[in-house]
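Some notes on the structure that comes next.
The values are calculated or read from the model by the stated rules, or taken from the named source; none is laboratory data. What you are looking at is a predicted structure, and each value in this text was computed from that prediction instead of being measured. Every residue, glycine as well, gets a Cβ built from its backbone with ideal geometry; the counts of neighbours run over all protein chains shown.
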There are 2 protein chains.
Amino acid sequence: MNNFIFQNPTKLVFGEGQIAQLAKLIPADKHVMMTYGGGSIHKNGIYDQVKKALCNHQVSEFGGIEPNPEYETLMRCVAECKEKNIDFLLAVGGGSVIDGTKFIATAIKWDGEPWDFLLRPLPTGQAVPLATVLTIPATGSEMNSGAVISRRARKEKLCFFNEACFPQFSILDPTAIYSLPQKQVANGIIDTFVHVMEQYLTYPNNARVQEYWAEGILKTLIEVAPKLMVNQKDYDTCANFMYSATMALNGFIAMGVAQDWATHMIGQEITAFHGLDHGVTLAIVYPGVLKIMREEKRDMLLRYAEQVWGINSGAEEDRIDQAIACTEDFFQSLGVKIHLSDYNIGDDTIAEIASRFAKKKVALGEKQTITPERIVEILNQVK
Amino acid sequence: MNNFIFQNPTKLVFGEGQIAQLAKLIPADKHVMMTYGGGSIHKNGIYDQVKKALCNHQVSEFGGIEPNPEYETLMRCVAECKEKNIDFLLAVGGGSVIDGTKFIATAIKWDGEPWDFLLRPLPTGQAVPLATVLTIPATGSEMNSGAVISRRARKEKLCFFNEACFPQFSILDPTAIYSLPQKQVANGIIDTFVHVMEQYLTYPNNARVQEYWAEGILKTLIEVAPKLMVNQKDYDTCANFMYSATMALNGFIAMGVAQDWATHMIGQEITAFHGLDHGVTLAIVYPGVLKIMREEKRDMLLRYAEQVWGINSGAEEDRIDQAIACTEDFFQSLGVKIHLSDYNIGDDTIAEIASRFAKKKVALGEKQTITPERIVEILNQVK
């Protein structure tokens, strides 16, 4: 087990009906900016629940934060918050709204051009206090300090971390899943699954509890996914999924272990170039990473095969093949196509992505052995 | 899954050599009271490491906090802290020192008789800031807000919770285990194991991740225990044990599930009357609880048998019998005797304990079905 420092101050408020707690959770003297996305919260009743809970607070609103939240949009909100002296941000939405709100919270307190803090590590950790009402389980942003922001004019999608961006609290009401489009549920399951894999399927770290915990989330997802595909309105199934998504990326399974994140880095580039959903990019890229990094990941692939998929007999190579096939089948069982050609993405994009990483001079993966050349191999595997 | 609210702000600083971080972790202007126990930290070098790290801080010391920390002792420290205007407490020790320090931190800020806040829920959450350097993995006190305090003159051992008593940080250096008496390692393994069971082995809560996580800690303990019994100086084994102990009682596996705690409540009374080690009382009482509560716990006993001990064939009754026998064998494999008669405890104590709970009019267990009569049955099982 590696040395580590861990801290996660976010308060989780979990369960049906918990949105009503907002009245107590946000100090009465705050001027709240409520941020949200395309307006689905108007249809599913969450907007009304939030407004009702905050009827005695001063609340402004900023809607229209898009999937893969856009710098230009967010900067408009930053200007509005400054003008109105907003001192509390409440993100009501999924990962895009929450990530965008973290950017807004940081940019308000930032002197100079905000895009800068995505290009280099944040020197300070200032932010306007923020909290969330989660409507889509997927990114885990409701209980961590990170965010991913897009700037379409530059075809860039970059992430930043700011300790002051841990939400003060996050309300997780599993009934929010009832009315989600099935595609968002599928993407959320894939995103959660790959979040766990990025922290688990590296090399043995002799961190036993962390391994079991990662496997526990993966097995839960494999159990709830087929149920969710046929019925999105079973409370306990929704609760187990929503809980899994938060636990997958709040640092709990990351303590003292190596981390990969190559799939996310490559996937983000596909979104930057072609606008694909984040979850879809992961379902495409991850099988390619497993195939090309097979030797480096051998020990953990064998453990994954046995502990998660119950594959414990046969030759090692066969077990690994089966585990990778199970992973591909799992993604496809969610109705997601897992080849670049399904999305008309070809060699030109592969070359552009590789050249971007070459320019940045970064190698990816838990041992930084995924060079631009290997990125090409990975993407060729999933053409 | 039940609705829940969760928050745990403690920062974990984990690994060999991390005690040196103290210099940065405690603000330079604080007057620190360093609390500790019987002096083993003088022998194993931890005292010197702490003093060296804090050489530029103003540090006072209070040693001699005993196992099952005693009200009278702690009140002497409270007086000293008030006199010296102490504004930061650093507990260097195991659960007893940390629990005692939480009492001190709360009592300093408490108007009136401090024993009162053990007799009823704390109305406010004030405390002097505290942090810990953990030397014995066992109680989990390094990452929660609870504490158990004894008052021998009254034969009482009571617990309290204070949100302001979450340690600001806890340093966990697994090498602290190298020089522990084997008895303390055994007690710590049992304490950790039963902490998990109290939050896991109740009735099905449809909380899949939480179940897998509880099982992950149990399996880790079963793996490291025999290794620790023959060699206390393997770093990774010690790290996995120390990590397990903290994760067992920091709220991570408690979210949204029922909890038992009958064994702890009964065990505390045995300690109050006869001074037995906390871990020993758990090893005695827990098999009795499983036997008497067998029907109420049937579903989870079957799951425990399969997931933790690999018992998945045969009649249900046989599987449950085997799981209980495995639990008893596990405790005994640590060199602990698990019958009351081994400690010369007889019917009179059983009657006294039952009568105490009868007077308090409390029933124990996840469904409050363990009446004083059933406490007698439980203790008769383990005579």
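Mind checking which pairs have a first residue in segment A:354-371 that is closer than 25 Å to residue A:2 by Cβ and at pLDDT below 95 and a second that is of a type in the set (Val, Ile, Thr) and part of a loop (DSSP other than H, G, I, E, B), Cβ under 8 Å, 6 or more apart or different chains?
Short answer, once both residue conditions are applied: A:363/A:369; A:363/A:371.
What residue, among those in segment B:138-159 that are modelled with pLDDT of 95 or more and within 15 Å of residue B:281 (Cβ to Cβ), is nearest to the chain's Cα centre (by Cα)?
Once the filter is applied, the top-ranked residue is B:139.
Name the one entry in B:338, B:345 that is touching a residue at least 40 places away in the same chain (Cβ under 8 Å), part of a loop (DSSP other than H, G, I, E, B) and in contact with a His (Cβ under 8 Å, 6 or more places away or on another chain).
Values: B:338 fails: in contact with a His (Cβ under 8 Å, 6 or more places away or on another chain).
Just one listed residue meets the conditions, B:345.
Based on what the data block shows, is residue A:322 more than 17 Å from residue A:380 (Cβ to Cβ), free of Cβ contacts under 8 Å to residues at least 24 places away in the same chain and over 19 Å from the mean Cα position of the chain (by Cα)? Outline the logic, then answer.
Working: more than 17 Å from residue A:380 (Cβ to Cβ): yes; free of Cβ contacts under 8 Å to residues at least 24 places away in the same chain: yes; over 19 Å from the mean Cα position of the chain (by Cα): yes.
Against the criterion (more than 17 Å from residue A:380 (Cβ to Cβ), free of Cβ contacts under 8 Å to residues at least 24 places away in the same chain and over 19 Å from the mean Cα position of the chain (by Cα)), residue A:322 qualifies.
Which members of segment A:105-137 meet the condition of being under 18 Å from the mean Cα position of the chain (by Cα) and assigned to a helix (DSSP H, G or I)?
Within segment A:105-137, A:118 is the sole residue that qualifies.
Where the second residue is among the polar types (S, T, N, Q) and surrounded by fewer than 14 Cβ atoms within 10 Å (Cβ to Cβ) and the first is assigned by TED's automatic domain parsing to the domain that holds residue B:97 and more than 16 Å from residue B:276 (Cα to Cα) and lies in segment B:150-164, which pairs have Cβ atoms under 9 Å and are six or more apart or on separate chains?
Going by the 9 Å Cβ cut-off, the qualifying pairs are B:162/B:124; B:164/B:124.
Being polar (S, T, N, Q), out of contact with any Asp or Glu (no Cβ under 6 Å at 6 or more places or on another chain) and either in a helix (DSSP H, G or I) or more than 14 Å from chain A (Cβ to nearest Cβ) (or both) is the filter here, so list the residues in segment B:160-200 that pass it.
Going residue by residue through segment B:160-200, those that are polar (S, T, N, Q) are B:162, B:168, B:170, B:175, B:179, B:182, B:184, B:187, B:192, B:199.
Checking the rest, the ones that are also out of contact with any Asp or Glu (no Cβ under 6 Å at 6 or more places or on another chain) come to B:162, B:168, B:179, B:182, B:184, B:192, B:199.
Those that are polar (S, T, N, Q), out of contact with any Asp or Glu (no Cβ under 6 Å at 6 or more places or on another chain) and either in a helix (DSSP H, G or I) or more than 14 Å from chain A (Cβ to nearest Cβ) (or both): B:162, B:179, B:182, B:184, B:192, B:199.
How many residues does segment B:52-77 hold that are out of contact with any Phe, Trp or Tyr (no Cβ under 6 Å at 6 or more places or on another chain) and within 14 Å of residue B:96 (Cβ to Cβ)? If you could, list the steps in order and put the result at the bottom.
The first filter runs over segment B:52-77 and keeps only residues out of contact with any Phe, Trp or Tyr (no Cβ under 6 Å at 6 or more places or on another chain), leaving B:52-62, B:64-73, B:75-76.
This time we only want the ones that are within 14 Å of residue B:96 (Cβ to Cβ), so: B:62, B:64-71, B:73.
The total comes to 10.
Applying the selection to segment B:81-107, what residues are more than 27 Å from residue B:185 (Cα to Cα) and of a type in the set (Ser, Thr, Tyr)? Steps first, please.
So in segment B:81-107, the residues more than 27 Å from residue B:185 (Cα to Cα) come out as B:81-88, B:105-107.
Correct list: B:106 only.
Please determine whether any residue of segment A:278-294 is in a loop (DSSP other than H, G, I, E, B), within 14 Å of another protein chain (Cβ to nearest Cβ) and in contact with a Gly (Cβ under 9 Å, 6 or more places away or on another chain).
In the first step, residues of segment A:278-294 are kept if they are in a loop (DSSP other than H, G, I, E, B); the result is A:293-294.
From what's left, within 14 Å of another protein chain (Cβ to nearest Cβ): none.
No, segment A:278-294 contains no residue that is in a loop (DSSP other than H, G, I, E, B), within 14 Å of another protein chain (Cβ to nearest Cβ) and in contact with a Gly (Cβ under 9 Å, 6 or more places away or on another chain).
Every residue in segment A:134-176 that is out of contact with any strand residue (DSSP E or B) (no Cβ under 9 Å at 6 or more places or on another chain) and surrounded by 24 or more Cβ atoms within 10 Å (Cβ to Cβ), please.
Once the filter is applied, which keeps residues that are out of contact with any strand residue (DSSP E or B) (no Cβ under 9 Å at 6 or more places or on another chain) and surrounded by 24 or more Cβ atoms within 10 Å (Cβ to Cβ), segment A:134-176 yields only A:138.
For residues in segment B:201-216 being under 16 Å from residue A:247 (Cβ atoms) and among the aromatic types (Phe, Trp, Tyr), which is farthest from the other protein chains (Cβ to nearest Cβ)? Before the answer, list the steps.
First, pick out the residues of segment B:201-216 that are under 16 Å from residue A:247 (Cβ atoms): B:205-216.
Filter again for among the aromatic types (Phe, Trp, Tyr), leaving B:212-213.
Numbers: B:212: 3, B:213: 5 Å.
Result: B:213.
Condition first: more than 10 Å from chain B (Cβ to nearest Cβ) and either assigned to a helix (DSSP H, G or I) or buried (at least 20 other Cβ atoms within 10 Å of the Cβ) (or both). Now tell me which residues in segment A:252-264 satisfy that. So that I can check it myself, show each step before the final result.
Restricting attention to segment A:252-264, the residues satisfying the condition of being more than 10 Å from chain B (Cβ to nearest Cβ) are A:254, A:257-264.
If the condition is that a residue be more than 10 Å from chain B (Cβ to nearest Cβ) and either assigned to a helix (DSSP H, G or I) or buried (at least 20 other Cβ atoms within 10 Å of the Cβ) (or both), then A:254, A:257, A:260, A:262, A:263, A:264 are the ones that fit.
Which of the numbered conditions does residue A:3 fail, given that it passes all the others? Conditions: (1) within 14 Å of chain B (Cβ to nearest Cβ); (2) surrounded by 19 or more Cβ atoms within 10 Å (Cβ to Cβ).
Failed condition: (2).
Among the residues that make up segment B:304-317, is at least one of them more than 14 Å from chain A (Cβ to nearest Cβ), closer than 20 Å to residue B:374 by Cα and in a loop (DSSP other than H, G, I, E, B)?
No, segment B:304-317 contains no residue that is more than 14 Å from chain A (Cβ to nearest Cβ), closer than 20 Å to residue B:374 by Cα and in a loop (DSSP other than H, G, I, E, B).
Considering A:302, A:282, which residue is out of contact with any Pro (no Cβ under 7 Å at 6 or more places or on another chain), in contact (Cβ under 8 Å) with a residue 12 or more places away in the chain, surrounded by fewer than 19 Cβ atoms within 10 Å (Cβ to Cβ) and hydrophobic (A, V, I, L, M, F, W, C)?
Numbers: A:282 fails: surrounded by fewer than 19 Cβ atoms within 10 Å (Cβ to Cβ).
Only one candidate passes the filter, namely A:302.
Report, ordered by the first and then the second residue, all pairs with beta carbons closer than 8 Å, sequence separation of six or more or different chains, a first member in segment A:175-201 that is within 21 Å of residue A:309 (Cβ to Cβ), and a second member that is assigned to a helix (DSSP H, G or I) and at pLDDT below 95.
What qualifies is A:191/A:278.
When the residues of segment A:217-239 are filtered to those that are touching a residue at least 60 places away in the same chain (Cβ under 8 Å) and surrounded by 20 or more Cβ atoms within 10 Å (Cβ to Cβ), which remaining residue is nearest to the other protein chains (Cβ to nearest Cβ)? Walk me through how you get there before you give the answer.
Of segment A:217-239, the ones touching a residue at least 60 places away in the same chain (Cβ under 8 Å) are A:218-219, A:222, A:225-226, A:229, A:235, A:238-239.
Now narrow it down to the ones that are surrounded by 20 or more Cβ atoms within 10 Å (Cβ to Cβ): A:218, A:225, A:238-239.
Working: A:218: 9, A:225: 12, A:238: 10, A:239: 4 Å.
This residue is A:239.
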